[in-house]
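The values are calculated or read from the model by the stated rules, or taken from the named source; none is laboratory data. Predicted, not measured: the structure shown is a model, and the values here were computed from it. Positions of Cβ are generated from backbone atoms using ideal geometry, with glycine treated the same way; all protein chains shown enter the neighbour counts.
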Amino acid sequence: MSQKTYNKIFLILSLFLSIGALYLKSLLYDSFVLQNIYLGDINNYTWQKDSTFINEINDNFPTLTNTTIPIKSIKGKYIYENLDPSKGIEYMKRGIKDNPYLMYSEANIADAYIGIEPDSFNIYARRAFKNLPNNPANFVMFSNIMKNENKIDSILYYFDIISKKVNDEQLYRVALASIIGEKDSTLVSKAINIANEAIDRFPIRKELFAVYRDKITYGQDNYNLAIEINEAGVAAANSNDLRSALALFSAAFSNQPNNPIYFTNVIRSFYELQEFQMLINFYDKNSEKIDEIALTTNYHYYESLINLLQYEKACKLISIIDPEMRLVITKDLISKC
C-alpha cells in the first residue's frame, strides 16, 4: 500500500473520529442542559412532564448526571408520575445498575411501593437506609417501617445517631411524628427534649415543632379538643357572652396548659369582666408555662395589679410594659415604687 493511500485512510479515520467526537460533545451538551431541568424537578419534587419530553430523554449516553444520579432512574420517575407506574418502576430498577451506591433509585422505588406493596417497600426502603443512613429521605421511609413494627425506640436510636451528623429539620419531624400518641413516659420525655432541641435549632419553625411537642405532651385527642373548645369560646366572645367565653377558654387551656393563645384568651376574658384578682391569680399560676407572652396580655396583668394596689409587683413590670414611661398609669405608679 502506497504512502498516498495511507494518508487518505488516515484523513478519513481522522474525519470520522472528529465527527464522532463532535457528536458526543453535542450529546453531552444537550444532556447538561436537560440535567438542569431534572435537578430542578428533583429539588422541587415537581414531576409533571408530557410524553414527548419523557420519551426524548436519552439515558444511554451519558448514563449519569453530573451529580451521579442515574438518568434511567430520573426517566423512570417521570414515567411513573405521568405515564405508567409499573413501567416507571421497572425503568427505575434498571437505573440501579448505573450507580448501585447512591441509593437514589432504591429510595424512589420504595416511595413508589409505599402503601401499595408493603413487602417490596420494606425491601427497598431497608436497602436504601442500610447503605445511605444519613439521608433524611431514607430515614423517613425506614421510620415508617419501624413505626409499623412498633419499634419506636429504634427510630429514636437512629435519630440520635443521624442528627449528630446531619442538620435537617425533616429528621426531627419524622422522629416526633412517630411518637405522637405514645403512652410510654420514657419515650414521651425523649420526644419532648427532641422537640425543644428542634425549636432551638430551627427557630423559623418553632411554631411547627411546638405543635409536635404539645401533641406528644397532651395527646392528639386533647390537642384537637382544645382547638374546638377555643373556637367555641371565640364565638361566644364575639356574641358578647363573656362568661361562657371565659369558661370555654379556661377549658381549652386545661387541655393544653402551655398554649399562649389559650392563655391570652383567658386573661383577656378576666380583664373584660373586670375580675382583676382572678386574672392575677391565673397569671401568677400559669405564666411560667408559656414560652412567649403577648405584650397586651402582660399589660392586662400590669393594669390589674395597679387597680388592686399591688404596686410592688407592678413596679417590676415597668421595664417590660412601659420602659419609656409614656402611659399615665405608669407615671402615677412611679411615685409608689
Self-check item: Selected residue (only one of TYR283, TYR271, TYR302 is within 37 Å of the chain's Cα centre (by Cα) and part of a helix (DSSP H, G or I))
Solution: TYR283
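This table checks each residue for (1) in the same structural domain as VAL166 (by TED's automatic domain parsing); (2) hydrophobic (A, V, I, L, M, F, W, C).
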position: GLU182; (1), (2): yes, no
position: SER185; (1), (2): yes, no
position: ILE194; (1), (2): yes, yes
position: GLU197; (1), (2): yes, no
position: ARG201; (1), (2): yes, no
position: LYS206; (1), (2): yes, no
position: PHE209; (1), (2): yes, yes
position: ALA232; (1), (2): no, yes
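Suppose we filter TYR91, TYR101 for residues that are part of a loop (DSSP other than H, G, I, E, B) and assigned by TED's automatic domain parsing to the domain that holds ILE57; which single one remains? Lay out the reasoning, then the answer.
Working: TYR91 fails: part of a loop (DSSP other than H, G, I, E, B).
That would be TYR101, the only listed residue that is part of a loop (DSSP other than H, G, I, E, B) and assigned by TED's automatic domain parsing to the domain that holds ILE57.
Quickly run through the stretch 29-52 and pick out the residues that are modelled with pLDDT under 80 and among the aliphatic types (A, V, I, L, M).
Step one: list which residues in the stretch 29-52 are modelled with pLDDT under 80, which gives 29-35.
Of everything in the stretch 29-52, those that are modelled with pLDDT under 80 and among the aliphatic types (A, V, I, L, M) turn out to be VAL33, LEU34.
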Self-check item: Residue in the stretch 234-247 that is buried (at least 17 other Cβ atoms within 10 Å of the Cβ), more than 15 Å from ASP214 (Cα to Cα) and at pLDDT 95 or above present
Solution: no
Practice problem: Filter the stretch 272-285 for residues that are surrounded by 17 or more Cβ atoms within 10 Å (Cβ to Cβ), farther than 12 Å from LEU246 by Cβ and of a type outside the set (Val, Ile, Thr) and give the result. | Solution: PHE276, TYR283
Self-check item: Complete set of residues in the stretch 308-326 that are buried (at least 16 other Cβ atoms within 10 Å of the Cβ) and farther than 18 Å from MET278 by Cα
Solution: CYS315, LEU317, ILE318, ILE321, ASP322
Practice problem: Would you mind stating whether ALA294 is of a type in the set (Gly, Ala, Ser) and touching a Ser or Thr at 6+ places or on another chain (Cβ under 7 Å)? | Solution: yes
